[in-house]
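Below: the structure, in structure tokens.
Just so it is clear, none of the values below were taken in a lab; they were calculated from the coordinates. Keep in mind it's a predicted model, so treat the numbers as computed, not measured. Virtual Cβ from ideal backbone geometry, glycine too; neighbours counted across all protein chains shown.
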Amino acid sequence: MSWETENWARQQRTGDPVTKAVLVGIANWMNPEGEPCRVSMRRLAEEVEISVRTAQRHVQQLERMGMVVKEAARREDGGTGWNLFSFPTYRQPGVSTTEPARKVAPITPEGPRNRRNRGGAPHDNMTRGEDDNLTPTPMSDCHPSTSDCQAGTPDCQGVHDNRVMGEILKGSTKTPLSPPKGGADAGSAKKDSKSRLPDGWEPVPIAELPPAAQAKVRQWPAGAYAAEAETFRATARSESGRGGYKLDWNEAWISHINRSTVRVLAEARAGVNHAPAAPTPAAPAEPLRSLDTSTEGKAAHEIRKRLAKTVEKSVRTGFFDRCRFDVRTDTLTIVTPSEFVFNYLRDGFEREAHRAMNSVLGPDADLRWTIDRAD
């Protein structure tokens, strides 16, 4: 794993958040030089938390876009080994691909070499000799009484040379250095623009996150986004050192998402419930009605059995049993009898419904919610 290849993958534009997540997943196994790496499709699917079939489909999309080259390895026994992935357009950052500039010998008035000194003993270019063309003309050749130097003498840059560009410092023969861009305080402006976390800071809406961060957050369980935002706030406000000051807190939040995804998903697999406890529902104005479930098929009954293992009985009998489960191939639509039941179940028990559905219809199944509008 290297941050160079992962950073390169995050900068690519794939047009699809899951395709981007697959590209970043492959980059996790690359070294900084971008040499081909071997990854099984099953391991890649587990990393991105999608099905193997979905991972294969998005890898094919990356191949068509020219971002990934995949070669299926063959074992000696004739079976298929781990895939060999490479990034044909990746270049390791910080490595120059151009030749260094060659040093060019200074050109004297007579050419690159003093011809009159050819074959003679080397002269001291710090002193003025008969054949020394490297010694500069003395300053006495300049005439302070004229605006220019005498005709025939080289350009001089002494105190009285008015052709020197720039204002001459008082008492110095050197022109002043240009001030840095942005004025004398430009170096400290960036430092001064850092600030503490604003009191009213709220995390960026999931739909407005960059594609890579958005793909990761959509894998988080219900309630994890709000829980991590609260942790982020508490950490930022308790930090007293440099970490408590940022140039852009939204960028810091996106970095927190990238760092926390592995931990959040591991906690979810371990059974940690990030969603807040479902509030006790207030009694509706009218008695709750129950929908007709006689049209439900075998798949719907099996999903209800799986829900019985994770949802307490009062929630099942009081709410889920009043709903109708419509199953069409790999899509489950939970039809609720009222907006009250719709909000209560979707906000508090969508995660449990997802798990029951996936265990019956598969990991790529789609869960939908709707309200039965009685005439």
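Observations on the model:
- Dipole size of the range 292-375 about its Cα centre, with +1 on Lys/Arg Cβ and -1 on Asp/Glu Cβ: approximately 340 debye, rounded to the nearest 20.
- Gain in span if fully extended, Glu296 to Arg13, counting 0.36 nm per residue against the direct Cα distance: 97.6 nm
- FRET E, pair Trp201, Asp330, Förster distance 30 Å, beta-carbon r, rounded to 0.05: 0.15
- Label positions at Ala374 and Ser314, each projected 7 Å from the Cα along the C-beta direction, are separated by 2.4 nm.
- Whether the range 327-375 is rounded, prolate or oblate, judged on the alpha carbon gyration tensor where a/c under 1.5 counts as rounded: oblate
- Taking 7 Å steps out from each Cα toward its Cβ at Asp248 and Asn31 produces label points 3.3 nm apart.
- Difference of contour (0.36 nm per residue) and Cα-Cα distance, Arg269 to Ser238: 8.2 nm
- Extension gain (nm, one decimal) between Arg38 and Thr54, 0.36 nm per residue minus Cα-Cα: 3.9 nm
- Estimated FRET transfer efficiency when R0 is 41 angstrom, pair Arg91-Ala226 (beta carbons, to 0.05): 0.55
- Cα→Cβ-extended label distance, 7 Å offset, between Ser359 and Leu288, nm: 2.2 nm
- Shape category assigned to the range 220-375 from the gyration tensor of Cα positions, a/c cut at 1.5: prolate
- Gyration tensor (Cα) of the range 1-57, equivalent ellipsoid semi-axes in angstrom: 18, 14, 8
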